[in-house]
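First the structure, in the form of structure tokens, and then the observations on it.
Just so it is clear, none of the values below were taken in a lab; they were calculated from the coordinates. Just so we're clear, the structure is a prediction, and the values are computed from it rather than from any experiment. A quick note on method: Cβ atoms are made from the backbone with ideal geometry, for glycine too, and the neighbour counts reach across all protein chains shown.
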Amino acid sequence: MLFIKFTFLAAVVAGLPSSTNLAARQGCTSPRLRKSWSQATVEERLAYLDAAVCITKKPSRLGMHPNATLHDDFAYTHAMLDFDIHQFAGFLPWHRYFVMVYEKALQDCGYKGTAMYWDWVADSNDPANAAVWDPVTGFGGNGGGTGNTGNFAGPIKDGPFKDFRPLYSGTALEQHGLCRAWSQGNPANDDKDLFGHRYTPQIVAEVLATDSSYDAFREALEGGPHQAVHFGIAIGNGRGRIGDMVPSSSPNDPIFFLHHTQVDRLWWIWQQADESRTNAYDGFHRLPPNAPEGEQGPPVTLNDILAMRDLAPDAKVLDVMDTRNANLCYEYPI
Ligand SMILES: *[C@@H]1O[C@H](CO)[C@@H](O)[C@H](O)[C@H]1NC(C)=O
Ligand SMILES: [Cu+2]
């Protein structure tokens, strides 16, 4: 299985915070480099897309519904766990592991490369023309097609996922054409399509400069640029039907994984800035919405479980803190 358990013994004996990481790194001599979509070769992009399409045609592992594919399993698992994986410290490690599980599924479909990221910071001045939306060497563009009823606006009209029909809306059954509904921005703020003004280099530099705690950084990233990209791709005119990147079934849109690899990369960059951040993890669990006002859940710990239900084995937060450990063994370009 992907995740093995580590011993803390070396760290205890040596008394150095980094020795746990050094021990775990022994099994990772040549970390794989995750590329930016726009920097990858056309062959690499096409190989990724082939495997991503393959996932949308493979049988479900969860077996929840006869129409479900392996891709639907990712959306369902994410939607099912919504409350347990967002708006608290666990957001970053859970999504890091989720991208790993997807990367493994790509490789099971014959792909030889790694997960790739959409560097939306670099494209923030003109996100609508980013390479990721190319109809041949990308994921296809905006929606606006016909046939969807219910929650989702018009389906996408081009690209390799044009005929993909995700099964879920949140955890509810609503099979529909994969939908994007790009925000038109806010002209009053001189905002660009896809909310480009909310993830500029300057804004992201401020997020990365968050130094007070891990959880303060997590909140700045999750509630800021991360959320703006989800909404920018799918909130449409903000009045009515939406695209797939808005509800909790957002992994329906294969671009989700490039978005979250970029989120993961920003966390990695933040971790790289100071060695003590490799295992920096703090904050509190969420309590259900009906909990008494002002109460917070127990503190998070590195031993907290990252649940994947029936999609993949559970992992621990500690298993995914260091991308240079033997389980993950990847890096991003500096
Ligand atoms: C399952 O697929 C069939 C055939 O495309 C379709 O008619 C049916 O509505 C789908 N079921 C659900 C729950 O979406
Ligand atoms: Cu999520």
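Figures for the structure shown
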read-out: Inter-site label distance for GLU293 and ASN125 at 7 Å from Cα along Cβ, in nm; value: 4.8 nm
read-out: Rg [Å, one decimal], Dmax [Å, integer] - the chain, C-alpha atoms; value: 19.5, 64
read-out: Table column - 3J(HN,Hα) (Hz), segment 41-49, Karplus curve with 6.51, -1.76, 1.60, x for Gly and Pro; value: 6, 4, 4, 5, 5, 5, 5, 4, 4
read-out: Aspartates and glutamates whose Cα lies under 12 Å from that of LYS35, excluding same-chain neighbours fewer than 8 positions away; value: GLU44, ASP119, GLU331
read-out: Cβ-based exposure ranking for ILE242, ILE203, in which fewest neighbours within 10 Å come first; value: ILE203, ILE242
read-out: Alpha carbon centroid spacing (whole Å) that separates segment 127-205 from segment 74-102; value: 21 Å
read-out: The chain - mean residue ellipticity at 222 nm from DSSP helices (-39,500 (n - 2.57) per run, n ≥ 4, rounded to 500); value: -9000 deg cm²/dmol
read-out: Charge dipole (segment 63-125, unit charges on Cβ, about Cα centre) - positive-most of THR77, TYR102, MET64; value: TYR102
read-out: Percentage relative contact order, the chain, counting C-alpha pairs under 8 Å, at least six apart; value: 24 percent
read-out: Surrounding net charge for ARG165, when Lys and Arg each add one and Asp and Glu each subtract one, Cβ distance under 12 Å; value: -2
read-out: Computed label-point distance, nm, for sites LYS112 and LEU302 using a 7 Å Cα→Cβ extension; value: 3.7 nm
read-out: Karplus-derived 3J(HN,Hα), 6.51/-1.76/1.60, for each residue of segment 138-152, Hz, glycine and proline x; value: x, 9, x, x, 5, x, x, x, 10, x, 7, 10, x, 5, 9
read-out: Footprinting exposure proxy for SER213, SER169, SER60 (fewest neighbouring C-beta atoms within 10 Å first); value: SER213, SER60, SER169
read-out: Cα pair distances in segment 180-334, grouped into 5 Å bins until the bin that holds the longest one, percent each; value: 2, 8, 13, 17, 19, 18, 14, 8, 2, 0
read-out: Ordering of 32-44, 133-145 by burial proxy (mean other Cβ atoms within 10 Å per residue, highest first); value: 133-145, 32-44
read-out: Residue-wise HN-Hα coupling along segment 68-78, computed from phi with Karplus coefficients 6.51, -1.76, 1.60 (Hz; x: Gly, Pro); value: 6, 10, 4, 4, 4, 4, 5, 5, 5, 4, 5
read-out: Filter on LYS192/LYS316; LYS112/LYS192; LYS162/LYS316; LYS112/LYS157 - keep pairs with C-alpha separation over 31 Å; value: LYS192/LYS316; LYS112/LYS192; LYS162/LYS316
read-out: Other-chain or far-sequence residues with amide H under 5 Å of GLU331's (modelled H); value: ARG32, LEU33, ARG34
